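Structure first, then comments.
The values are calculated or read from the model by the stated rules, or taken from the named source; none is laboratory data. The structure presented is a predicted model; accordingly, all values stated were derived computationally and were not measured. Every residue, glycine among them, receives a Cβ derived from its backbone with ideal geometry; neighbour counts consider all protein chains shown. To get the accessible areas, we keep the full protein, side chains included, count just its heavy atoms, and leave off ligands, DNA and RNA. Shrake-Rupley method; radii C 1.70, N 1.55, O 1.52, S 1.80 Å.
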Amino acid sequence: MANILVIRLSAIGDVAMTIPVLYNAAKSNPKDSFTVLTQSFLIPIFINRPENVKLIGINTKGPEKSLKGLLRFGSALVQYDYDLVLDLHDVIRTKILCSLFRMKRTKVVVYKKDRRARALLTARKHKVFKPLEPVIKRYSDVFRKAGLSYTEDFTSLYPDKTSDLSFLGSAVAEKKGKWIGIAPFAKHQGKIYPVDQMEKVVEELSRKEDVTIFLFGGKGFEEAILSKWAYEYPEVISVVGKYRLDQELALISQLDLLICMDSANMHFASVVGTKVLSVWGATHPYAGFYGYHQHADNVIQLDLSCRPCSVFGEKPCFRGDMACLKQISPKVIIDKVEAILYS
């Protein structure tokens with residue numbers, strides 16, 4: 001029996017993408033023990049996990065933010081008797097932690113990002129426009145390289161398709177018709193569909209008699225926008241700040257469709273088996289970050305020679321007009337929703 005440490009600290013969507021791989025590996029190696037090291041606030045998403053999966057939280061915005069704090073945390077971590085360390089992140093923090101384990105002669109296997117291929121895919125000149133290996137495939141290759149068995153059979157965090165929605169209370173009536181989720185924001189501006197255009201999508205869909213719309217987002221500016229939409233349009237409900245992360249996952253699992261950006265919400269929907277309609281701007285599915293088992297036809301994007309200009313959407317638009325997002329009309333999204341749900 002091996003004691004295995006799996007490290008993925010961030011970002012939210014990337015941690016969510018580890019779930020299918022981790023659960024597949026744990027079930028394929030039932031005699032081994034897997035411990036996941038990730039941000040403490042992300043621990044709730046690892047629900048209905050195999051019995052041989054444990055969790056350790058780290059806070060890189062708090063005590064473990066400084067080098068001193070990280071080394072103190074790492075010094076305690078290496079006291080656990082791990083036989084193998086799998087680094088699914090390969091950033092400075094994880095390199096430091098892995099170096100501590102190597103000093104103990106613990107075997108370490110590291111995820112390969114293929115940064116050169118990403119640079120060529122997003123280059124302004126001499127762009128090499130071809131799909132890269134999916135990130136989830138790269139994650140699974142780490143387990144295989146470590147000599148572990150790996151069989152893919154993960155379908156959802158709710159494999160029986162049932163989840164407890166009692167936390168909704170009287171806020172939501174019993175499900176009737178279609179439930180559509182809309183998560184219109186992302187971490188970086190290059191991935192966000194214009195707010196005024198997305199509002200038109202919400203307005204049009206809210207007119208359908210059989211549709212209830214749930215709005216997902218973060219606090220502050222996002223919460224203010226979504227609260228306004230929920231106030232102005234019928235059968236539109238903002239869930240921002242109302243429920244825990246695991247409860248939001250339960251709700252997403254019961255949606256008929258989630259409309260979102262290239263964001264963490266796309267990956268949340270993917271790991272609970274919910275169909276996604278995703279809108280892409282500066283980024284592109286070719287970079288390997290498309291949702292797990294999502295259908296390739298359910299992507300809305302424009303074929304512009306400048307796309308993708310970024311892997312993560314953080315770079316400013318060199319054209320200055322964000323054509324990749326602004327030129328997508330609300331009607332295109334609405335028509336695609338109707339095709340998915342009503343055809």
Next item on the list: Would you please name the residue that is nearest to L88 (Cα to Cα), looking only at residues in segment 35-48 that are crowded, with 18+ Cβ neighbours inside 10 Å and not β-branched (V, I, T)?
Entry: L37
Next item on the list: Residue by residue through segment 169-211, note down the ones that are in contact with a strand residue (DSSP E or B) (Cβ under 9 Å, 6 or more places away or on another chain) and over 19 Å from K336 (Cβ atoms).
Entry: A171, V172, A173, K175, K176, F185
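Is it fair to say I92 is farther than 22 Å from L157 by Cα, among the β-branched types (V, I, T) and open to solvent by 60 Å² or more (accessible area, probe 1.4 Å)? Steps first, answer last, please.
Values: farther than 22 Å from L157 by Cα: yes; among the β-branched types (V, I, T): yes; open to solvent by 60 Å² or more (accessible area, probe 1.4 Å): yes.
Answer is yes for this residue.
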Next item on the list: Would you point out the residue of segment 308-331, among those that are open to solvent by less than 70 Å² (accessible area, probe 1.4 Å) and in a helix (DSSP H, G or I), that is farthest from V279 (Cα to Cα)?
Entry: A323
Next item on the list: Could you name every one of the strands (runs of 3 or more DSSP E) located completely within segment 76-195 that has at least 1 residues being assigned by the TED database to the domain that holds F268?
Entry: 178-183
Check: For segment 233-269, what are the residues that are closer than 14 Å to L215 by Cβ, part of a helix (DSSP H, G or I) and acidic (D, E)?
Finding: E248
Check: Scanning segment 57-94 for residues that are touching a residue at least 40 places away in the same chain (Cβ under 8 Å) and aliphatic (A, V, I, L, M), which turns out farthest from K31 (Cα to Cα)?
Finding: V91
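Quick one: would you say G181 is within 30 Å of P20 (Cβ to Cβ), of a type outside the set (K, R), exposed (fewer than 15 other Cβ atoms within 10 Å of the Cβ) and modelled with pLDDT of 95 or more? It would help to see each step written out before you state the result.
Working: within 30 Å of P20 (Cβ to Cβ): yes; of a type outside the set (K, R): yes; exposed (fewer than 15 other Cβ atoms within 10 Å of the Cβ): no; modelled with pLDDT of 95 or more: yes.
So G181 does not fit the description; no.
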Check: Say we look at segment 79-89 and pick out the residues that are surrounded by fewer than 17 Cβ atoms within 10 Å (Cβ to Cβ) and not polar (S, T, N, Q); which of these is farthest from G57 (Cα to Cα)?
Finding: D83
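Please find, within segment 293-307, the residue that is nearest to C260 (Cα to Cα) out of those that are open to solvent by less than 20 Å² (accessible area, probe 1.4 Å) and assigned to a loop (DSSP other than H, G, I, E, B). Let's see the steps before the verdict.
Residues of segment 293-307 that are open to solvent by less than 20 Å² (accessible area, probe 1.4 Å), as a first pass: 298, 300, 307.
Adding the requirement that they be assigned to a loop (DSSP other than H, G, I, E, B) leaves 298, 307.
Numbers: N298: 11, R307: 19 Å.
Filtering segment 293-307 for residues that are open to solvent by less than 20 Å² (accessible area, probe 1.4 Å) and assigned to a loop (DSSP other than H, G, I, E, B), the one nearest to C260 (Cα to Cα) comes out as N298.
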Check: Does L121 count as among the hydrophobic types (A, V, I, L, M, F, W, C) and crowded, with 17+ Cβ neighbours inside 10 Å?
Finding: yes
Next item on the list: Any residue in segment 256-270 that's over 21 Å from P44 (Cα atoms): show its pairings with residues that are in a strand (DSSP E or B) and among the polar types (S, T, N, Q) at Cβ separation under 6 Å, as long as the two are six or more apart or on different chains.
Entry: C260/S278
Next item on the list: Please find, among K336, K275, the residue that is of a type in the set (K, R), crowded, with 18+ Cβ neighbours inside 10 Å and touching a Leu at 6+ places or on another chain (Cβ under 7 Å).
Entry: K336
Note to self: Return the pair list, or none, for Cβ contacts closer than 6 Å from residues in segment 1-24 that are free of Cβ contacts under 8 Å to residues at least 60 places away in the same chain and among the aliphatic types (A, V, I, L, M) to residues that are open to solvent by less than 10 Å² (accessible area, probe 1.4 Å) and outside any helix (DSSP H, G or I), at least 6 apart or on different chains.
What the structure shows: V15/T38
Check: Of (1) surrounded by fewer than 17 Cβ atoms within 10 Å (Cβ to Cβ); (2) among the hydroxyl-bearing types (S, T, Y); (3) touching a residue at least 24 places away in the same chain (Cβ under 8 Å), T162 satisfies all except one. Which?
Finding: (3)
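Evaluate the following for D32: is it among the charged types (D, E, K, R), farther than 23 Å from T283 by Cβ and crowded, with 19+ Cβ neighbours inside 10 Å?
Values: among the charged types (D, E, K, R): yes; farther than 23 Å from T283 by Cβ: yes; crowded, with 19+ Cβ neighbours inside 10 Å: no.
Criteria not met by D32.
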Checklist line | Tally of residues being open to solvent by 30 Å² or more (accessible area, probe 1.4 Å) and of a type outside the set (D, E) across segment 221-246 | finding: 14
